[in-house]
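Student: Sharing a structure below in structure tokens format, with a few things to ask.
The values are calculated or read from the model by the stated rules, or taken from the named source; none is laboratory data. The model shown is predicted, which means the values in this text are computed figures rather than measured ones. Cβ placement follows ideal geometry from the backbone for every residue including glycine, while neighbour counts extend to all protein chains displayed.
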Amino acid sequence: MATTQTSLIVRWLRLRLRPSSRLCRRPVATQAPPHPLSKDTPDVKALLALNPGVSKQARSVPTYETKKNKHNWKRNADKCGSCASNFSNDFRDIKRTTLSERGALREALSIVISVRRPQGVSKCYGIGPPLLDRFASAQQQRGKR
């Protein structure tokens, strides 16, 4: 029984691995050359050559080389004068809109009001500043209970 099963498997494999006559391959000499999809000028080719390519082989880099390369790109206090360890009250690279505390509080209030707005009340229609003030005070009173 086992030999008949193995012979069937071998016969099946031979049939599967046999080259198919349906796949007609032309000889290499008669195949048409691959048609380029686009033609670039030499200056464009030079620019495209600057793009990074995919490595075809693995490259091993020693750890000390990786750390040395990382050191060049990190902010290190020993090589960077502006990289102070204490950044408290340091506003050298801050945007002017960031310093507006009043604007931030106004924005936070509008977010709180829009979140707590009763259903059916639109943001644009029928809700003015007096109504907003009454609504906010009512919400504060509700929170105190």
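Student: All but one of (1) assigned to a loop (DSSP other than H, G, I, E, B); (2) modelled with pLDDT under 70 hold for Lys56; state the number of the condition that does not hold.
Tutor: So Lys56 meets the others, but not (2).
Student: Follow-up question, since we're still on this one. Within the set of pairs 6+ apart or on separate chains, which have a first residue in region 36-49 that is assigned to a helix (DSSP H, G or I), a second that is at pLDDT below 85 and among the acidic types (Asp, Glu), and C-beta atoms under 7 Å apart?
Tutor: Here the result reads Leu48/Asp40, each pair linking region 36-49 to a residue that is at pLDDT below 85 and among the acidic types (Asp, Glu).
Student: Could I ask something else about it? I'm checking my understanding of the structure. Among residues of region 62-81 that are in a loop (DSSP other than H, G, I, E, B) and under 26 Å from the mean Cα position of the chain (by Cα), which one is modelled with the highest pLDDT?
Tutor: Among those residues, the one meeting the criterion is Lys74.
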